[in-house]
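These notes concern the structure reproduced below.
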Amino acid sequence: TQDRTVVLQLGEKREAITFLSETELDAALLRLMNEEVRSVYFIVGHGEYASDEAGELGYSTVAQTLSSKAYNVDTLNLLSTGEIPADASVLIVARPMLPVTQAEVDLIAEFVANGGALVVAEEPPIFTDFEDAADPLADYLNTTWGILLSEDLVVDTQMESNLEAIAVQYASHPITEKLQGVSVIFPTARSVQVVTVDSLTARSTPLLYTAPYDTTWAETDMVALADGDVIADPDTDLLGPVPILAAGEDVDSGARVVVFGDADFASNVNFYVQNNGQLLI
């Protein structure tokens, strides 16, 4: 169903590989032979992208692709359940329109501290209904992982729409090794910075960047932007190259987090644009 895909099958289990390498083949074979159930839960209850929505702004292509890689995919409403299932391997928070509550973040933080994995994709605040409300999830990522979801909007003057950002620089990391030579396009993005926090034991790093400062920056003045005044201010704006993705790992617990400053880059309508979908998978 997708060009350049290799499918491995063992009994009823199947693994689809879109990046062919010895490492990927080895990993896929190990997953096929491993009887352990790997479950991915999409957090819901805050207006997130739906994993069963087949429309342009749904995440069903993400869910189907994960299913093809032998993951069990389901949804999880922590507001109603108050707990994370024991079989959970990964939690995904994709474009909450309202803040994830502190009680939910406490559950997520405990899950991650015990070796769980978390993927967060948050839109710029201007495209959500957060208004002036606090964002406990962003606070947790900042204080525990040193990953800052900034209150800004990335501007890229090279793009037809200045609000689209194209990632052209990749750091060396297992996530980005499959992306070299092909860009990722973010329809609307905020910067994701790695900041120094002395008390942290985890290690975080930015993974991809926009073009240099003369064409991209992270704008903090939304009023000026709405008025069409797209001029970088070095005193208040983060000048390019602007980081849009960061990953963190705790080598002691095995916990991992990945934080995107955009969510619609991997929606159904954008999944097969450039390397967009592959980046999230």
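The values are calculated or read from the model by the stated rules, or taken from the named source; none is laboratory data. This is a predicted model, so every value here is computed, not measured. So basically every Cβ, Gly included, is an ideal-geometry build from the backbone, and we count neighbours across all protein chains shown. Only protein heavy atoms, including side chains, enter the accessible area calculation; ligands, DNA and RNA are left aside. Shrake-Rupley method; radii C 1.70, N 1.55, O 1.52, S 1.80 Å.
A few remarks follow.
- In the context of the full set of protein chains, the chain has a per residue accessible area of 48 Å² (1.4 Å probe).
- Dipole of the chain, positive end: most advanced residue of 142, 244, 270 [Cβ charges, Cα centre]: 270
- Shape of the range 49-123, Cα gyration tensor, a/c cut at 1.5: oblate
- Nearest-ten-degree value, helix 102-113 long axis tilted from longest Cα axis of the chain: 60 degrees
- Share of carbon and sulfur in the accessible heavy-atom surface of the chain [1.4 Å probe, %]: 50 percent
- Angle in degrees between helix 22-33 and the longest Cα principal axis of the chain, rounded to the nearest 10: 50 degrees
- Taking amide H atoms as placed 1.01 Å from N in the peptide plane, the amide H of residue 10 has no partner under 5 Å among residues 5 or more positions away or on other chains.
- The mean sequence distance of close C-alpha pairs (under 8 Å, at least 6 residues apart), as a share of the length of the range 201-277, puts its relative contact order at 33 percent.
- Three-way shape label, the range 155-238, alpha-carbon gyration tensor, a/c 1.5: oblate
- When both the range 167-181 and the range 89-166 are represented by their alpha-carbon centers, they are found 21 Å apart.
- log₁₀ of I(q)/I(0) at q = 0.17 Å⁻¹ - the range 1-100, Debye sum with one point per alpha carbon: -0.85
- Percent of C-alpha pairs per 5 Å bin in the chain, short distances first: 1, 5, 12, 16, 19, 18, 14, 8, 4, 2, 0, 0.
- Helix-only CD estimate at 222 nm, as mean residue ellipticity for the chain, using -39500 (n - 2.57) per DSSP H run (n ≥ 4): -5500 deg cm²/dmol
- Rounded to the nearest 20, the size of the Cβ-charge dipole of the chain about its Cα centre is 1240 debye, with Lys and Arg at +1 and Asp and Glu at -1.
- The chain: relative contact order in percent, alpha carbon pairs under 8 Å with at least 6 residues between: 19 percent
- Cα-based radius of gyration of the range 126-204 once divided by 2.2 N^0.38 Å, which approximates compact folds: 1.29
- Within-14-Å neighbourhood charge of residue 20 [Cβ basis; K, R +1; D, E -1]: -4
- When the P(r) of the range 102-149 is calculated, the portion above 11 Å amounts to 72% of the C-alpha pairs.
- Max mean-square fluctuation residue, GNM over the chain, Cα-Cα springs under 10 Å, options 89, 60, 21: 21
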